[in-house]
1. Name the one entry in Thr77, Thr110, Thr82 that is farther than 11 Å from Leu28 by Cβ and in contact (Cβ under 8 Å) with a residue 40 or more places away in the chain.
2. Could you please let me know if Ala19 is at pLDDT 95 or above, surrounded by 13 or more Cβ atoms within 10 Å (Cβ to Cβ) and within 28 Å of Asp5 (Cα to Cα)?
3. Given the structure, is Ser11 part of a helix (DSSP H, G or I) and more than 20 Å from Asn119 (Cα to Cα)?
4. Output the residues belonging to segment 1-44 that are under 13 Å from the mean Cα position of the chain (by Cα) and among the basic types (Lys, Arg).
5. I'd like the residue in segment 105-122 that is loosely packed, with under 14 Cβ neighbours inside 10 Å and among the acidic types (Asp, Glu) and, out of all such residues, is nearest to Tyr47 (Cα to Cα).
6. Could you check segment 99-114 and list, in sequence order, the residues that are among the acidic types (Asp, Glu) and touching a strand residue (DSSP E or B) at 6+ places or on another chain (Cβ under 9 Å)?
7. Answer yes or no: is there a residue in segment 28-47 that is among the small types (Gly, Ala, Ser), surrounded by 19 or more Cβ atoms within 10 Å (Cβ to Cβ) and out of contact with any Phe, Trp or Tyr (no Cβ under 6 Å at 6 or more places or on another chain).
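The values are calculated or read from the model by the stated rules, or taken from the named source; none is laboratory data. Only a predicted model underlies this, so the values are computations on that prediction, with no experimental measurement involved. Note that we place each Cβ from the backbone using ideal geometry, even for glycine, and neighbour counts take in every protein chain shown.
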Amino acid sequence: MRHGDKIKNLSRTASHRKALLSNLASQLIEHKKIVTTLAKARALRTYVEPLITKAKENTTHQRRVVFSYLQDKEAVTELFSTISEKVAGRPGGYTRIIKLGKRVGDNAETAMIELVDFNTVYGKGVEAKAEPAKRTRRGSKKKTDTEPAKEEGSTEA
């Protein structure tokens, strides 16, 4: 029985799981989105979101705590400089998991995990860009524009 056992083991020993999540978290912080299996993405979400919350308070103690989890100086610097500025007003929910389907080799369920504030494909910015692009296919405006040009050309000749 596994009463009260909430940790996802991912079929690994504790040291291997710690190293795996540390590396995944460092890559997520560096690249802002990564593709992995669904189980690893869900485990990574519970691992990295508290670290992002700690990064909001830029103190030496918080940096040391986060470094003990990540073991990567560049990732800690990126987290406390770039990422903490973007998520300062967000009370939580820093990551998004998007299911991608099954992997060809082993049929594993894959997913993309990304930082919510760093997406450039969809969201508020895309909606503003998409609205001016809407046009009708009626050609009434083009006909009125071309007719006076022809008349001017015919009168000058």
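1. None of the others qualify; the one that does is Thr110.
2. Criteria met by Ala19.
3. No.
4. Of everything in segment 1-44, those that are under 13 Å from the mean Cα position of the chain (by Cα) and among the basic types (Lys, Arg) turn out to be Lys32, Lys33.
5. Within segment 105-122, the match that is nearest to Tyr47 (Cα to Cα) is Glu109.
6. Glu109, Glu114
7. The answer is yes; a qualifying residue exists.
Here is a yes/no grid of residues against (1) over 19 Å from Leu10 (Cα atoms); (2) loosely packed, with under 14 Cβ neighbours inside 10 Å; (3) not hydrophobic (A, V, I, L, M, F, W, C):
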| residue | (1), (2), (3) |
| --- | --- |
| Lys56 | yes, no, yes |
| Thr77 | yes, yes, yes |
| Thr95 | yes, no, yes |
| Lys99 | no, yes, yes |
| Arg103 | no, yes, yes |
